[in-house]
Amino acid sequence: MREPIERMEALGRLLAEISRHQDNGEQAPCVHRERGHLWLSEDPDEQEAASHACLTACPAFAACQTYVTAHPEPSGVWAGIHREQTPLKRKKKTP
Ligand code: SF4
């Protein structure tokens, strides 16, 4: 049961890093008010735009990569990579 706690602690460290940069006037692109939705988009072009912004304009990239390597996320764009969501398997209805 340590994994959920460690994940939350690691995510907290990433968010603190993003906040630290924000305080210095450097905003992580994924928290931009008008563009943040791109990181959760299912549109390949928007996912590509999010990935590009991660790789070229994020001051917290290293911290994000450290976080998501240790604690893989199931979906969304993290550290420049789109994480595929595993489709839920539906149970076949039995007659
Ligand atoms: S690397 Fe991408 S997902 Fe990670 S904090 Fe930066 S903008 Fe957000």
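If the condition is being assigned to a helix (DSSP H, G or I), surrounded by 13 or more Cβ atoms within 10 Å (Cβ to Cβ) and among the charged types (D, E, K, R), then the range 14-27 contributes Glu17, Arg20. Listed by first and then second residue, the pairs with beta-carbon distance under 8 Å, at least 6 apart or on different chains, first residue in the range 42-64 and closer than 18 Å to Gln22 by Cβ, second acidic (Asp, Glu) and more than 10 Å from the ligand (Cβ to nearest atom), are Pro59/Glu26.
Close contacts from the range 68-83, counting a first residue that is among the basic types (Lys, Arg) and a second that is surrounded by fewer than 15 Cβ atoms within 10 Å (Cβ to Cβ), with Cβ to Cβ under 9 Å and a gap of 6+ residues or different chains, come to Arg83/Pro72; Arg83/Pro74; Arg83/Ser75. Number of residues in the range 29-79 that are of a type in the set (A, V, I, L, M), surrounded by fewer than 14 Cβ atoms within 10 Å (Cβ to Cβ), over 29 Å from Ile5 (Cβ atoms) and more than 9 Å from the ligand (Cβ to nearest atom) equals 0.
No lab work stands behind these numbers, since they all come straight from the coordinates. All of these numbers come straight from a predicted model, not from anything done at the bench. In this analysis, Cβ positions are derived from the backbone assuming ideal geometry, glycine residues included, and neighbour counts consider all displayed protein chains.
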